[in-house]
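Taking it in order: structure first as structure tokens, then the write-up.
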Amino acid sequence: MARFTAFYDANVLYPADLRNLLMHLALTGLFRATWSAGVHEEWISALLRNRPDLSREKLERTRMLMDEHAEDALVTGYEDLLSATCAVQTSVPVFASSATSTASPAA
């Protein structure tokens, strides 16, 4: 059983070569790969915008195969957690920009 989980975002699923490598690694069982339907839609939509030679049907087939072969990879029910995380991330730059350092420069 996998010891840790990796969430694949759209930016790593967009390039076919990287997507294929990451799927191969996920299927080895070294870790559990996860993604969401929203991530699928993001990488598919970006590819369709940038690659008019590809069809939605072909990319949806890829999506289906990914969901079918990577056990329990499709994450659902995360929306409430995401909105809480976004609120925390929004406040981090404000805190970081108001923080000052009292350390002297290294010589």
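The values are calculated or read from the model by the stated rules, or taken from the named source; none is laboratory data. Keep in mind that this is a model prediction, so the values were computed, not measured. Positions of Cβ are backbone-derived with ideal geometry, glycine not excepted, and every protein chain shown enters the neighbour counts.
Among the listed residues VAL94, VAL88, which satisfies the condition of being modelled with pLDDT under 90, among the hydrophobic types (A, V, I, L, M, F, W, C), exposed (fewer than 11 other Cβ atoms within 10 Å of the Cβ) and farther than 30 Å from ARG3 by Cβ? Let's see the steps before the verdict.
Values: VAL88 fails: farther than 30 Å from ARG3 by Cβ.
Answer to the check: VAL94.
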Which of the helices (runs of 4 or more DSSP H) contained wholly in the stretch 1-88 include at least 3 residues that are out of contact with any Lys or Arg (no Cβ under 7 Å at 6 or more places or on another chain) and touching a residue at least 12 places away in the same chain (Cβ under 8 Å)? 16-27, 37-50, 56-69
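Suppose we keep only residues that are touching a Leu at 6+ places or on another chain (Cβ under 7 Å) and hydrophobic (A, V, I, L, M, F, W, C) within the stretch 1-32. Which one would you say is surrounded by the most Cβ atoms within 10 Å (Cβ to Cβ)?
Within the stretch 1-32, the subset touching a Leu at 6+ places or on another chain (Cβ under 7 Å) is 2, 8, 12, 14, 19.
Filter once more, so that each one left must be hydrophobic (A, V, I, L, M, F, W, C): 2, 12.
Values: ALA2: 13, VAL12: 16.
My answer is VAL12.
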GLU41 passes all but one of the listed conditions (1) within 16 Å of THR62 (Cβ to Cβ); (2) surrounded by 13 or more Cβ atoms within 10 Å (Cβ to Cβ); the exception is number (2)
